[in-house]
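Please treat every number below as a calculation from the coordinates, not as lab data. Here the structure is a predicted model, which means the values were calculated and not measured. A quick note on method: Cβ atoms are made from the backbone with ideal geometry, for glycine too, and the neighbour counts reach across all protein chains shown.
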Amino acid sequence: MLRYLTAGESHGELLLGILEGMPAGLLIRTTDIDNDLGRRQMGYGRGGRMKIEKDMVKIYTGVRWGKTMGGPIGLSVRNKDWDNWRAKMSPDPAFLNNADPVTRPRPGHADLAGVLKYGMTDVRNILERSSARETAMRVAVGALCKRLLDEFGISIVSHVIDIGGVYAKVGSMSSQEIKRKTENSELRCADYEAEKRMKRKIDEAQAAGDSLGGIFEVVVSGTPVGLGSHVHWDRKLDARLAMALMSIQAMKGVEVGSGFGVANKPGSQVHDEIFWTPKSGFFRKTNNAGGIEGGMSNGEVIILRAAMKPIPTLMKPLRSVDLETKKPFKASVERSDVCAVPAAAVVGEAVVAFELAAAMIEKFGGDSMDEMKRNFEEYQKHIKFRMGVEDAPDAGTR
């Protein structure tokens with residue numbers, strides 16, 4: 001079983017992560033992780049924090065000479081801004097009262113619900129952990145999972161398709177082309193004309209002291225048939241992927257394939273017809289299901305979308321009520337982004353990578369990469385045989 005934990009606060013000394021369940025023998029390079037951490041920090045509309053931080057990972061455990069050993073992998077990402085917060089965020093009681101309490105909760109944030117739930121009087125005790133800064137460690141964990149998926153020919157691409165009501169058009173663009181264009185875009189948008197309009201929207205929001213949300217898409221290619229299962233609710237692949245995406249801060253909706261678009265169409269326009277040829281076996285000409293049917297991957301490209309709300313911290317804050325005095329005030333202002341949808345897309349890649357890596361390990365098992373690959377290759381032969389592919393080797397009985 002693959003699982004992970006993160007720990008740390010937005011202005012604490014560092015973020016910690018533990019990834020448990022990786023097979024032994026997987027090649028790991030810190031540069032692969034640092035590359036994704038850097039991608040998360042980019043994007044038009046990001047705030048001042050990204051000018052301070054230069055995220056880099058340090059691997060403490062579970063890897064020797066560049067390869068996993070089968071034990072838990074321990075990671076850290078240091079917060080450079082900790083230098084300005086040592087006394088304010090110190091775990092040492094000697095520094096008590098070195099920072100004024102935050103008593104004005106922000107609408108749309110975890111602030112009010114958190115202080116009520118945990119019996120706190122200082123919102124900082126809530127906002128520090130609920131901050132999206134935590135996603136830096138999730139990206140590091142996801143980068144490790146991408147390395148495992150790479151070994152099996154599975155690739156993940158994310159791109160922004162909407163910011164502030166401006167929609168990108170990608171048409172029949174391949175995932176490779178989307179990736180190429182997206183990595184050269186400040187907004188991770190493959191439609192450069194739409195990107196220009198998105199930037200204008202962000203500039204307008206910034207001038208108004210406001211923020212913008214949007215929608216990003218995650219596209220997964222190369223997934224084998226049969227990840228996940230129909231037999232229990234918590235083994236359904238689409239359910240697990242939806243939960244992973246919804247767990248990202250500020251997400252308010254998730255779609256698989258055509259998603260909400262299928263609700264207003266007849267079944268004849270929704271379900272993907274099945275075809276067969278001796279060379280390719282079973283295939284579909286459409287992909288409204290988004291690569292998942294009955295909670296299982298069906299061999300088609302997996303398509304997922306997540307809707308991100310505008311960031312709650314506004315430079316022209318909304319009305320709120322002070323926790324101590326109960327008097328109305330303008331909500332507190334923390335340093336923040338105007339728009340972070342491109343960054344959220346990179347986080348989306350990471351959480352999807354984790355769930356797919358977990359599903360691969362569940363399906364193919366193995367304590368080492370060599371064992372897992374043998375299991376995978378035998379399964380692929382069997383699937384080809386079951387599909388009636390011409391050149392499929394005899395992989396057992398039907």
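Here are the numbers for the structure shown:
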| read-out | value |
| --- | --- |
| Selection from SER158, VAL218, VAL321, by position along the positive dipole direction of the chain (Cβ) | VAL321 |
| Residues whose placed amide H lies under 5 Å from that of ALA168, excluding near-sequence neighbours | ASP162 |
| Span-like helix ranges in the chain, DSSP H, alpha carbon extent 15 angstrom or more, Kyte mean at least -1.0 | 135-150, 341-364 |
| Difference of contour (0.36 nm per residue) and Cα-Cα distance, GLU371 to LEU5 | 129.2 nm |
| Gain upon complete extension [GLU186, ASN264; 0.36 nm per residue less C-alpha separation] | 24.6 nm |
| Two-decimal Rg to Rh for segment 291-344 - Kirkwood Rh, Cα set | 1.32 |
| Reduced Cα scattering model of the chain, Debye log10 I(q)/I(0), q = 0.07 Å⁻¹ | -0.36 |
| Label-to-label distance, nm, for residues given as LYS309 and HIS230 (7 Å Cα→Cβ offset) | 3.6 nm |
| Helix-only mean residue ellipticity at 222 nm for the chain, each DSSP H run of n ≥ 4 adding -39500 (n - 2.57), per residue, nearest 500 | -10000 deg cm²/dmol |
| Electrostatic dipole magnitude of the chain [Cβ: Lys, Arg +1; Asp, Glu -1; Cα centre; debye, to 20] | 780 debye |
| Cα-based reach from LYS252 at 20 Å (exclusive), listing lysines while leaving out same-chain residues under 8 positions away | LYS309 |
| Members of LYS88/LYS236; LYS146/LYS330; LYS58/LYS88; LYS179/LYS279 lying beyond 32 Å, as alpha-carbon distances in this model show | LYS88/LYS236; LYS146/LYS330 |
| Alpha-carbon centroids, segment 143-202 and segment 244-276: separation in whole Å | 19 Å |
| Inter-centroid distance (Cα atoms) of segment 293-358 relative to segment 362-389, Å | 36 Å |
| Relative contact order computed over segment 3-377 (Cα-Cα under 8 Å; 6+ residues apart), in percent | 23 percent |
